[in-house]
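S.K.: Have a look at this one before I ask anything.
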There are 2 protein chains.
Amino acid sequence: MRGKGNKRVTSVEVAAAAGVSQATVARTFSSPHKVADTSRAKVHEAASALGYVPNAIARSLKSQRTNIVGAVVPARGEYWQHLIAEISQQLAEQGSQMLLFTFAKPSEVASVVQSLRQYRVDGVLLASSFIDHDSIVDVAGLGIPAVAFNHPEALDVTASVSVDNVAGAAALADHLIETDHQTVAFVGGDPDTGSDRLRYRGASNRLREHGIVCPYIPAGGFDYDSGYAIAESLLRHFGGGDGLPDALMIAGDELAFGVMDGLSKLGVSVPNDVSVTGFDGLPQASWAGFDLTTLVQPAEELIREALGQLTSTPSTIESHTTVPGFVRVGQSTRRQACAEEGKA
Amino acid sequence: MRGKGNKRVTSVEVAAAAGVSQATVARTFSSPHKVADTSRAKVHEAASALGYVPNAIARSLKSQRTNIVGAVVPARGEYWQHLIAEISQQLAEQGSQMLLFTFAKPSEVASVVQSLRQYRVDGVLLASSFIDHDSIVDVAGLGIPAVAFNHPEALDVTASVSVDNVAGAAALADHLIETDHQTVAFVGGDPDTGSDRLRYRGASNRLREHGIVCPYIPAGGFDYDSGYAIAESLLRHFGGGDGLPDALMIAGDELAFGVMDGLSKLGVSVPNDVSVTGFDGLPQASWAGFDLTTLVQPAEELIREALGQLTSTPSTIESHTTVPGFVRVGQSTRRQACAEEGKA
DNA sequence: GGAGCGTATGCATACGTTGTCATCAGGTCA
DNA sequence: TGACCTGATGACAACGTATGCATACGCTCC
């Protein structure tokens, strides 16, 4: 296949070996159709003999395109980890790579943005509600295409792509109403995030239309532990298992897992004593142990849309795209009467 | 903070604005200690006025260092997703970034390696047992530092860092023995992977020393669904719930989750009817719903070691490092008699 | 006070590619 | 046969930074 492949091989050396000019070697790899078949063959032969691979760094310097997309995501959270692989896969399909930036605390975002600027990425995917508005503005001012992923509040300064949080939460509420749940409470992750607020709004508005008042209960985070911890508070707040509402709508799947496990540990049965819904549609929601009724975010479609925004937008139009999710019905919510009737 | 930050600003323009040479601007950002305080101040002032950020692409071209580490990881699998964030965080600490390459099928690795070569990354982290040997050899021949992560078989061509699979499995076996389990079976993920084989070897050897013969049962994958599906086969194989061994050692945590849920669905109680151990130490293993007895891989330490190999190795020494894990005792294995005695 | 030395800076070049421009071969058409 | 076009190729100048080399400056020490 290739020689020792040890030393740095440049297009100049390949050109010499192939008996053509350096420019022809370059063209062979960047725009092959401009090179005669015979030359192309010679170049490829010489290239593989020498173990030549075009230098993307030099290419990027000259062409001002890196074929790299930067992704800024939180270090923790099942949801984000779930997305990263999908992003990477889709980028690979279109011949790009993904430079990953994670942050544990929102305060780290600023330094991350610095790195991003240095690397002259073609675009930036800001994936989190936890990125503060200032940082978004910072990125928007960079002059590179940016799209906020599931960050509905950023729509004034940058493009954004989100699942339809309001409609999704409403759809979940509809499901609860159809299955005859009379009292519902909403367990939020972090009221400072747009996703949280929109989901609560979608749920509570729809429920109110049906005469159900839905209180908001903050869990203090979207993580499993927050959910596990809030379970006890819930019981206390509602005055024991009997006082619980018919259903708990939880702002995120991971949080819901925690709540379910927490309730279970306290002797509360899901869905017999209380129904639980999530939001995200993580793979784990389908695991038999949880089998969570949740709103599935169509990850593939969301990301495809976001990447489309990155590559197409002339960095001037700020569009706000919303993608509908769909309800996955699991065993975490009880059905009205007979088992086969719950279909909407 | 900065001006309009729209146009491309180069060190030359900053130099002009600051009244120094381009070289001084460059030095201000790459080796500040070589620049006088007064000049540095002038440069910084001019830089932030113009919104200048050093161009990492150009820097890389000249310096032959990209400060980018490539990571090749499978697209699916809770374990890998769990590691990605940690890798990224540690790289950020040392001022590097992570170029992420995911692959869904082993056949995709070849093209990934091509991309890697183009980008002249400083090092490569090969994170998977699923990467075939040929690809490893390919990467090893690239002349860039590479380290195989949890791929014990690659030790002849490249450095590698792994948890001590044999000792870890043996430690789990010890725990089972101490808690008076008499019959044990091992559920493997994929016998073609080194991790799987080493874990089985560690477990079965230790068990044999205590007169226990441990059969190997292949699940066909390390994923949740494989585990869930194998549960029924297990029951059939052992002739129903009563025929089950005292304990099942599962090759990986995610697989174990599937087995536990599968068994539960079939009316088998863990740990009353059968104890279950995992391997990996995923965060989810600590979730109350599973509370899995497992071998925790010290992710932070493993990655620190791997990255150390990348940056320090002069790409000649191929060292094989093994890091010990530790047993996490959960509720998925029953304890002998009193609850407080199970400590090793 | 001059030799010697260390520090700060400027100049010029190189990193490996892309893209523009000019050139040249070969074929068509009048 | 000469003018014209098309397609392939080569020469050359960027892209924005790092760095070796030379120089100028400010010291100390004899």
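S.K.: Might you check whether a residue that is more than 15 Å from the chain's Cα centre (by Cα) and open to solvent by 10 Å² or more (accessible area, probe 1.4 Å) occurs anywhere in region A:74-92?
M.R.: Yes: region A:74-92 contains one or more residues that are more than 15 Å from the chain's Cα centre (by Cα) and open to solvent by 10 Å² or more (accessible area, probe 1.4 Å).
S.K.: Going residue by residue through region A:72-89, is there one that turns out to be assigned to a loop (DSSP other than H, G, I, E, B), of a type in the set (Lys, Arg) and under 17 Å from residue A:119 (Cβ atoms)?
M.R.: No, every residue in region A:72-89 fails to be assigned to a loop (DSSP other than H, G, I, E, B), of a type in the set (Lys, Arg) and under 17 Å from residue A:119 (Cβ atoms).
S.K.: To continue, here is another question. Can we say residue B:30 is within 11 Å of DNA strand D (Cβ to nearest atom), in contact with a Ser or Thr (Cβ under 7 Å, 6 or more places away or on another chain) and either in contact (Cβ under 8 Å) with a residue 60 or more places away in the chain or not assigned by TED's automatic domain parsing to the domain that holds residue B:108 (or both)?
M.R.: no
S.K.: Of everything in region B:39-53, what is small (Gly, Ala, Ser), within 14 Å of chain A (Cβ to nearest Cβ) and part of a helix (DSSP H, G or I)? Give them in sequence order.
M.R.: Of everything in region B:39-53, those that are small (Gly, Ala, Ser), within 14 Å of chain A (Cβ to nearest Cβ) and part of a helix (DSSP H, G or I) turn out to be B:47, B:48.
S.K.: Shifting gears a bit: Tell me the residue from A:126, A:116, A:99, A:83 that is within 16 Å of DNA strand D (Cβ to nearest atom) and touching a residue at least 12 places away in the same chain (Cβ under 8 Å), please.
M.R.: A:116
S.K.: Please count how many residues of region A:257-273 are over 12 Å from residue B:287 (Cα atoms), touching a residue at least 60 places away in the same chain (Cβ under 8 Å) and within 13 Å of chain B (Cβ to nearest Cβ).
M.R.: Residues in region A:257-273 being over 12 Å from residue B:287 (Cα atoms), touching a residue at least 60 places away in the same chain (Cβ under 8 Å) and within 13 Å of chain B (Cβ to nearest Cβ): 1 in total.
S.K.: May I pose another question? Can you spot a residue in region B:1-19 that is more than 15 Å from DNA strand D (Cβ to nearest atom), in the same structural domain as residue B:147 (by TED's automatic domain parsing), in contact (Cβ under 8 Å) with a residue 24 or more places away in the chain and within 26 Å of residue A:105 (Cα to Cα)?
M.R.: No, every residue in region B:1-19 fails to be more than 15 Å from DNA strand D (Cβ to nearest atom), in the same structural domain as residue B:147 (by TED's automatic domain parsing), in contact (Cβ under 8 Å) with a residue 24 or more places away in the chain and within 26 Å of residue A:105 (Cα to Cα).
S.K.: Another question about this same structure. Go through region A:282-299 residue by residue and tally those that are open to solvent by 10 Å² or more (accessible area, probe 1.4 Å) and either touching a Lys or Arg at 6+ places or on another chain (Cβ under 6 Å) or outside any loop (DSSP other than H, G, I, E, B) (or both).
M.R.: Number satisfying all stated conditions: 5.
S.K.: Which of the residues that make up region B:114-154 are touching a strand residue (DSSP E or B) at 6+ places or on another chain (Cβ under 7 Å) and of a type in the set (Asp, Glu)?
M.R.: Hit for region B:114-154 is B:122, nothing else.
S.K.: Take residue A:276 and tell me if it is within 14 Å of another protein chain (Cβ to nearest Cβ), open to solvent by less than 20 Å² (accessible area, probe 1.4 Å) and among the β-branched types (Val, Ile, Thr).
M.R.: Judged against the criteria, residue A:276 is a match.
S.K.: Based on this model, can you work out whether residue B:146 counts as of a type in the set (A, V, I, L, M, F, W, C), under 30 Å from residue B:244 (Cα atoms), in contact with a Ser or Thr (Cβ under 9 Å, 6 or more places away or on another chain) and surrounded by 22 or more Cβ atoms within 10 Å (Cβ to Cβ)?
M.R.: In short, no.
S.K.: Identify the single condition in (1) within 14 Å of chain A (Cβ to nearest Cβ); (2) of a type in the set (Gly, Ala, Ser); (3) more than 24 Å from the chain's Cα centre (by Cα) that residue B:247 does not satisfy, given that it satisfies every other one.
M.R.: Going through the list (1) within 14 Å of chain A (Cβ to nearest Cβ); (2) of a type in the set (Gly, Ala, Ser); (3) more than 24 Å from the chain's Cα centre (by Cα), residue B:247 breaks only (1).
S.K.: Which one of these is open to solvent by 10 Å² or more (accessible area, probe 1.4 Å) and within 8 Å of another protein chain (Cβ to nearest Cβ): A:104, A:56, A:110?
M.R.: A:104
S.K.: Go through region B:140-180 and give me each residue that's within 14 Å of chain A (Cβ to nearest Cβ) and hydrophobic (A, V, I, L, M, F, W, C).
M.R.: B:140, B:142, B:144, B:146, B:157 - these are the residues of region B:140-180 that are within 14 Å of chain A (Cβ to nearest Cβ) and hydrophobic (A, V, I, L, M, F, W, C).
The values are calculated or read from the model by the stated rules, or taken from the named source; none is laboratory data. From a predicted model like this one, the values you see are computed outputs, not experimental measurements. Because the Cβ atoms are built from the backbone with ideal geometry, glycine has one as well, and the counts that use them run over all protein chains shown. Surface accessibility is based on the protein's heavy atoms, side chains included, excluding ligands, DNA and RNA. Shrake-Rupley method; radii C 1.70, N 1.55, O 1.52, S 1.80 Å.
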